[in-house]
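**Q** Here's a structure for you.
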Amino acid sequence: MKEIQNDHRRTDSFLPPRKQLIYLWTGLGFGLLYWIMEAIRDVISFNRGSFLERLIMPDLMTVWSRLMVVFLLILLGFFLQLILQLSRRNSWNIRHVGLYAGISFGVLYWILEAMRDALLFRAPGFLSSLMPDPRMAWIRLLGLLTVLLFSLYCQSLWDDKARNDAERHRQAEETMALMETAADIIFRTDEEGKIVQINSAANRLLGFSEDSLIGCSFLSLIHPDQRGDAERFYGEKESDTPSRYFEFRACSRDDRVVYLGQNFQWVRYEEQVVGYGVARNITQRVQAQEWMDEANRRIQKVDAFKSHFFNSVSHELRTPISVIREGVSLCLEGMMGPVSFDQRELLNKVSDHINRLTRLVNHLLDMSTIDSGNHKLYRKPVHLQDLIRRMSDFLGTQMQDKGIRLKTHYPPEPVWIYGDEKKIFQIFFHLVENAVNFSYDQSEVQIGIREGCEEIWGWVRDSGQGIDPDWLPRLFDMFQQFERRDGPGYRGTGLGLSIVRGFVEEHGGRVWVDSEPGKGTIVWFTLKKETFPVVLLVSRRPESMTRDLEEAHYSVIEADSMTAARRILQHRKIDLIVFEDESDIKSDEDNSFSGIPILNWGRVNPVSRREFTWAVEKRPACDSKDLRKAVFETLSTTYRG
């Protein structure tokens, strides 16, 4: 900051060269005016030739006498400049300096004019020339007025400069105060990137004094490990480029770890390029980010271990659970000998708990798959009304035990969706099972679906007490179990609704809850409608094959030749091509069907469904009875989510 103060002392003491030239040219201008006035005076007062002669070609004595006065005016200008500068430096009152100087130089001018008249025009004497006749007096008064006006004009120029300097000084002082109180490092560099000005924040943050940094490259503040990157980042010295931000580890005097986030920009002033920079201490933020990154890595590691553990344990549990279930079933059927009433009661309880344990294992496997992100959707056309009927049959015993009726709401026409049938079944199953568990006995559970333009909407409503609003934001989180203060309640695994959310989101939908205490709960969800696959059937007898595929709700386009098939491919997106004859595939020399799955459905070398594989390279044939299953397998494998 010392440099700012030194700059202002220099501007207070010396005028810039252009300001000095103003006084020179002003003196010359007033000297020219005096020259013209003297020519007029010679013609009027002394009848000495014409005006042009006295203006352009006066005698030698007239020339040197006029030049003497012109020199006097120029000298007056520089004298005023000197007096005003001294007055500024010594706090003099300069309000009347120009007037007093003008009067002094006016008196000197009057004396010089008297001497000129005595020498040049043979006046009676010097003293008599000091008191001339009225004809001479008004000419001298005019010249005296010129001198006074010139001095006052010079003072006005200086006053303007003084005001400008004062404003600049005030702004510089404000800037200096702002820089000194700023918590950020603020600096200015020359064209070579050397620091010419820097505030005291560098001392507070890095331990370096201002004087030690003046003359050093601003890149020297950057740790050597990152200095090369910073040189490339800040290398372009173009004034039209925006401010650039760079984060780096800084050098400190005591080797402390300090991170700075720096904005830097090159600015061009006339022929000079200047750099301006602001660096902020971001050490706490960087350290916090590093801590968070490390914590996230640990969490991801633990989460991966948890998923692996759930997956491994769930698979390992399936075998002993199956053995236990089979053994209990054999005992209940009397295959191991007679079973008493008490034994049967005990075996039934064991069977119930085995079924519950099986559901828990399946839930863990589902959540492990969802958490890993490696979900696969085996899509096929799914009839939703039929799926709901099968789901209600599956929960029939549980609903009968509580006397709960299932009321359905869906349109009379079939609602189809192209999705994973198993996962959609799980969505309805978990929602209805929850609704049954939390509904009052002898009540009803309602389930409904409706078809929208781009989504299929589903909902399940129970007849329970409702959910506390505080629980709603956490309702779909894993292992969240809540109890209802009044009315029926059920403590499950806390995974059912999490699985619902995972499967719904895999189908491009969303799930949410509307609930009020005492009014029951409605769970809403949507499933994105996917376009059913389009199958291109290349056959000369397509009727039976088309009927089989359309019954499975695939869109079928028929082509009776390879030429027709190529034309269709130019205008339609095809998901699968089924050829009747292997020779049709071999005729595809230009690879028109590249990238599209192909099935060869013909009577040459028929294969069973178990042996069936699809691939463009192998092009196997399959029997006609396996066509629908083969198409389903191919499209399910191709369109996994």
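Readers should treat all values here as calculations from the given coordinates under stated rules, not as data from a laboratory. Just so it is clear, the structure is predicted and the values come from calculations on it, not from any experiment. Heads up, the Cβs are rebuilt from the backbone with ideal geometry, glycines too, and the neighbour counts pull from every protein chain shown.
**Q** Could you give P(r) for the range 286-371, binned at 10 Å from zero, as whole percent values over all Cα-Cα pairs?
**A** Final binned percentages: 16, 29, 21, 16, 9, 6, 3, 0.
**Q** Nearest 0.05, what FRET efficiency do V257 and A295 give at R0 = 22 Å with Cβ-Cβ as r?
**A** 0.70
**Q** Rank by packing, highest mean first: peptides 565-572, 495-502, with packing defined as the count of other Cβ atoms within 10 Å averaged across residues.
**A** Taking the mean over residues of other Cβ atoms within 10 Å, the ranking is 495-502, 565-572.
**Q** Would you mind checking the pairs K402/K423; K423/K573; K422/K528; K380/K529 and listing those with alpha carbons more than 21 angstrom apart? Write down the numbers at each step before the final one.
**A** On the way: K402/K423 26 Å; K423/K573 28 Å; K422/K528 16 Å; K380/K529 12 Å.
Listed pairs above 21 Å: K402/K423; K423/K573.
**Q** Long-range amide H contacts for V556: which residues qualify at under 5 Å (H placed 1.01 Å from N, peptide plane, sequence gap of 5 or more or a different chain)?
**A** V535
**Q** Taking N as the number of residues in the range 253-316, what is its alpha-carbon radius of gyration divided by 2.2 N^0.38 Å?
**A** 2.20
**Q** Could I have the simple spin-label model distance between L149 and D229, label points 7 Å from Cα toward Cβ, reported in nm to one decimal?
**A** Distance between label points: 7.0 nm.
**Q** So, one more: How much FRET efficiency would the formula 1/(1 + (r/R0)^6) give for W457 and Q343, where r is the Cβ-Cβ distance and R0 is 45 Å, rounded to 0.05? Working shown, then result.
**A** Details: r = 49 Å, r/R0 = 1.10.
Approximately 0.35, to the nearest 0.05.
**Q** Next question, about the same structure. Name the trypsin sites (Lys or Arg not before Pro) in the range 230-324 that are in a loop by DSSP and that have at most 11 other C-beta atoms within 10 Å, would you?
**A** R253
**Q** Figure the gain on full extension for I36 and L67 (residue separation times 0.36 nm, minus the Cα-Cα span) and round it to one decimal in nm.
**A** Taking 0.36 nm per residue and subtracting the Cα distance, the gain is 9.9 nm.
**Q** Under the 0.36 nm per residue contour assumption, what length would be gained going from the current alpha-carbon distance of R405 and I214 to full extension?
**A** Working: separation 191, 0.36 × 191 = 68.76 nm, distance 8.64 nm.
Going from the current span to full extension adds 60.1 nm.
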